[in-house]
Structure formats: structure tokens, C-alpha cells
Amino acid sequence: MSSTALAKGAAAQAQAHVAFSKTTPPAKSTTTTTTTRTTILRPVQIKQTPLAQTARHVLPALLAGVFALRFRALVADPVPTMATTLPLTAALQVVYAVWCLPAPSAAGPGASGGTGAGAGGGGATGAAGAAGGAKAAGRKPRPGESSLRKRAAAENGRSSAVITAVLSLILSLLVTPFLYVVMILFGAPFLTHSAHTFLCAAHIAVLALLPLFFVQGVDGSAWAVVGSFGAPLDEAFGGLAGGLVGAWLGAVPIPLDWDRDWQRWPVTIIGAMAANMATPTSAATSPSGQPPPPSPNTTTSNKNYKGFVAGVFSGIAKLSVGHPFDTIKVRLQTTNSARFSGPLQCLTQTLRHEGLFGLYKGATPPLVGWMFMDSVMLGSLSVYRRLVRDYIFNPPGHPLHDPNLPLPAHGHGVAGILAGATVSFVAAPVEHIKARLQIQYAARKSERLYSGPIDCLRKVWRHHGIRGVYHGLQATLLFRSFFFFWWGSYDLFSRWLRRHTSLSAPAINFWAGGLSAQVFWVMSYPSDVVKQRIMTDPLGGGLNDGVRRFPRWKDAAKAVYRESGAMGYWRGFLPCFLRAFPANAMALVAFEAAMRALPE
């Protein structure tokens, strides 16, 4: 074959390649980007159409307005009211998904163009096919064909979005039985109020899960990221996180004042979740749709901010799991065997005389306090870790400085001591008020010395001032110095699990957090017993709560030994041990997940 023929053949192949690249539409980007090791979810953004931008504000406001208008009916008769609001809530969520959220996939314009001319279909589909067929045939489209093709593609996209939204609604409702079981495990009435709990779970499913199903579909890798709290706080996952936080905050008043109608199950949960869902959530992005790059001048301050914000989520998770165990622990620590022979008798008597919500007495101080306490503790821990590494174990100016050298385990322990001392000034008054509320055994509020946390704080302040509020601070500082063992062992467990297992990061956080919490309580429990004795000791004076018995720490320690011997320092350890693993493991999972999810 001559060189001229070869040149002509090569030119023909190049022209064919160019023509093929022009006629082949580019692959559409999806919400999920898969790499060889992990799945990264990009932030879901509201559509940029005027309708979507208006609906993103109007529809949540309508949703909140529905529950505001039906609030009295919800209080008076919850089950029929929730049965009527559920279809309306579902309809508003479907409209929100169709109008505002991007569909997970849609056919591009002219996708069926090649067969449209031959089929000769009628209406919009036939017009789109004719236009696509004309383009494929190489002739110039007739006047009006392009507009018909665009209109048909838009109609097909809307119908596809509607079908996707309806399927997402069905999937959300199918999750309702699972949410019902979860609510039972978190303290919902088990033998009564079944219809209340089930309809409440259905509302949570529709409000929180429908947008996620619409955007992510049933992609297992995407839902694994959502389940590990690794998704960005965008319009879909941000709605789920905000809705669940609202539901939890709405549950707080229920165990506090069961005698008020508006605090009956599950009125406040539905109301708080609807109100929280009415606040739009959107991850910050650049005009191109990608997260903006972090400013180099704010990297350090953002890391500090992340530690403090993530601590808030840690405190909420810890309280939701651990407070019933803590109530039993405190009651055993502050009484002798004549009142409760053990944790099981304490639990059964509490349930018999005070009901399920007796286990949540004193829940308000730690709900508010633990969010701040864990925020201060974990935020300051992040700062102290960096300071200890940079100024003690790996100073930048040292000849042996290695920027890649991690902080050793005992360095984490030293940072834990400093963080424990810092948070003690927040924890001491919170734990003091909580302990005094937990040892009130009367079922009726009229028979209690303190009607609630605010009343307790006000009375202590009135008669004993700031010293009374901070009663037990020295014992708190001693107790929290044992954070050396918690954070030192947490680093050791984390390293071992990363080296010898293939567990995911959330699983490593869970197991390392739970095991290190057990180490901490084994080392610190006797000091906690003495601390609880001091905090529940009568203050005397105008409170008229008795005569003070323990003016000093050693007086309380001697009293415990005198009453029960060495085993008295371990009274109540079983519920504490049972509580420590799940409560602190979930707290650290929430903390690490928030640290990964929050923007730099």
C-alpha cells in the first residue's frame, strides 16, 4: 500500500473519531464519587431555578405552619391528628424533592433521538424523537423542532422526578417499623401508646429520610457514608441531622413535667422536629458546585472550632444512651445497702414508684451541660494535644523535629489531664445540680425540695452563693485528673485496631472509645464515689436540707470506708461499667464523625 493511501486512511480515521466525540454526549456527573478506597459524597445543592429558590423557603415554612395550626389538636388528641398531618407532610416533602432537589439521574436531551423518526410517536415524545432523528440523519432541524425537543426533555425530567419522589416516599415509610423499634430502645412507651410511637416514627421517616432516598437512591456505598456521619451537611443529610437533633431536644421536656398536657408523648418531638426542619440547611459551595478551598490563614482556627462544635454532638449522644445508668449509679453511691441491695433492686424500685421517666431525673443539667462540657473538653483536648506535641514532645526548633511524628500515648494522657482540669470548672456545677435532683425519691413534685434544675440552682445560689454552686469542685478536679488513663489508652487502642484490623474509622472510634472508657472508670471509680458523697451532702443553712457531714474530701472518703469497708468505694460500679462502653463509645463516634463532616 502506498504512503498516500496510508495518509488518507489515517485522515479518515481521525475524522471519524472527531465525529464520534461530537455526537457522544459527555457522561453526567453523579452525586457519589467512588475511589479505590472510599466513597465521597458531594454536597447536594438546591436547583438554581427561581421556582426552586422560592420553594426552599416557602415549603418548610408551610410545614411548620401546619403543625403550628394543628398544635392544640395534637395535644388534645394526638393519634387522629398525626394520622391527618402525615399525608400532608408527605405531600409537602414530595413537592420539595421534585421542585428543589436534583434528581439522581435523568436522561439527557435527545436521548431517544435515533428511534424517534422511525417511530413517529405522537405528542411531546414523538416530537423529541423527530428532532433527534433529524439531527442523527444529518439534516437541519425544522423550525420549532428544537423547542419541542427541549420541552419534551423537561417534561420527561419532571415525570421522572415525580416517580423518584414517590418511590422515595415508599422507601421512607418502609423504614418506619425500624424507627419504631429504635424509639422503644431510647425510652418510648413499650406496652402503651403504640399508635402514638408508630405515627411519630412515620413522621420522622418522611421528614428526615425522604430527601436522602430521593438524592442517594439505594446506593449501598452512599448510605454507608451517611451511616458513618461522613456525608456533608447539605440539603439532604443536613435535614436528617437537624431533624434528629430537633426530635431529641423535643423529647427533653417529656420526662421533666409529665403532668402537663403539651408535654405528653410525643407532642414535643413532632413539634420540635417540624420547627427544626423549617430551617434550610446548605453546605457552603463555590459557584462551580464544589466546596470552597480553605483559607490558609484560618486552618488552625478552623481546627479548633471543629473540636468545640463536634463536642456538642458528643454530649448529646452520651446523654441519650447513658443517663438511666447514671441515675442508678448515683443512687447507689449515695445510699447504703439498707435502701438498695444492688442495681437491680434500685432499678425496679425506681420504675415501680417513679415510672420510666424517673430514670431521667436530672436530665436537663447534663443535656445542656454535657454539650458544653464535651465541647470544652474535646475542643481543649485538641488544643492541648497540639501544644503538648509542639512544645514538649516534638518542638519545631529541635534538631530531631519530625513533622510526621505522632504524639505518644503518654502525651495524649498529659493533654487529657489538662483538658480534664479545664472542663472541671464547667462540670462541677452541672454535676452538683444533677446529683441533688437524682437523689429526690418522691414521685410528686410537691413533695420534693427542688422542683427542677432552675429551682435547685436558684435556691443554692440564694443561700450559699457561688461557693454553694461550685460545691465539690476540688473533688471534680481530682476525679478528672484520671483522664490521663482515658485518652492515653484511647490512643493505644486506636493504633492497635488500625494496625491489626480492617475496621472502618467509625468502628475503630466506637471500640477504642468504649474500651478506653472502661479503663478510665476502673482507675477513677473510687474517687467518683467520694465526689458524689460530697455533692449530695446537705448544705444546711437556709435550705433546711440537713446538717453538713463532709467539710473536707478526706471526711467523705473516711465515711465510705467506715460504712462499707473497701468495697464501699466500688458500690454502684456495675451500672457505671455497663453505661461506660455504649455511652462513651457513641459519644466518641459522634465526635469523630462531626470532625470528619465539618468543613475545614
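Remarks
- Values of log10 I(q)/I(0) for the range 537-597 across q = 0.29 Å⁻¹ run -1.07, by the Debye formula with one identical scatterer at each alpha carbon and no solvent.
- Loop trypsin sites (Lys or Arg not before Pro), the range 420-522, which have at most 16 other Cβ atoms in a 10 Å radius of their Cβ (DSSP): R444, R448
- Contact order, relative form, for the range 381-428: 42 percent (alpha carbon pairs under 8 Å, 6 or more residues apart, mean separation divided by residue count).
- Pairwise FRET efficiency - A338 versus R444, Cβ, R0 = 22 Å, nearest 0.05: 0.40
- Extension gain from R352 to T501, taking 0.36 nm per residue of separation minus the Cα-Cα distance: 49.1 nm
- Contact order relative to length of the range 428-562, as percent, for alpha carbon pairs under 8 angstrom and 6 or more apart: 26 percent
- Projected label distance in nm at Y561 and L400, using a 7 Å step from Cα toward the beta-carbon: 4.2 nm
- Cβ-derived FRET efficiency at R0 41 Å, H410 paired with Q345, nearest 0.05: 0.50
- Simple label model, 7 Å out from Cα along Cβ direction - T54 to R548, nm: 6.8 nm
- Solvent-accessible heavy-atom area per residue, rounded to whole Å², over the range 488-585 at 1.4 Å: 47 Å²
- Cross-link pairs exceeding 20 Å in C-alpha to C-alpha distance, out of K459/K558; K434/K459; K531/K558; K329/K531; K459/K554, comprise K459/K558; K459/K554.
The values are calculated or read from the model by the stated rules, or taken from the named source; none is laboratory data. What you see is a predicted model, and the numbers here were worked out from it, not measured in a lab. When we count neighbours, we look across all protein chains shown, and the Cβ atoms used for this are built from the backbone with ideal geometry, even at glycine. The protein model used for the area step is the full one, side chains on, heavy atoms only, and it has no ligands, DNA or RNA in it. Shrake-Rupley method; radii C 1.70, N 1.55, O 1.52, S 1.80 Å.
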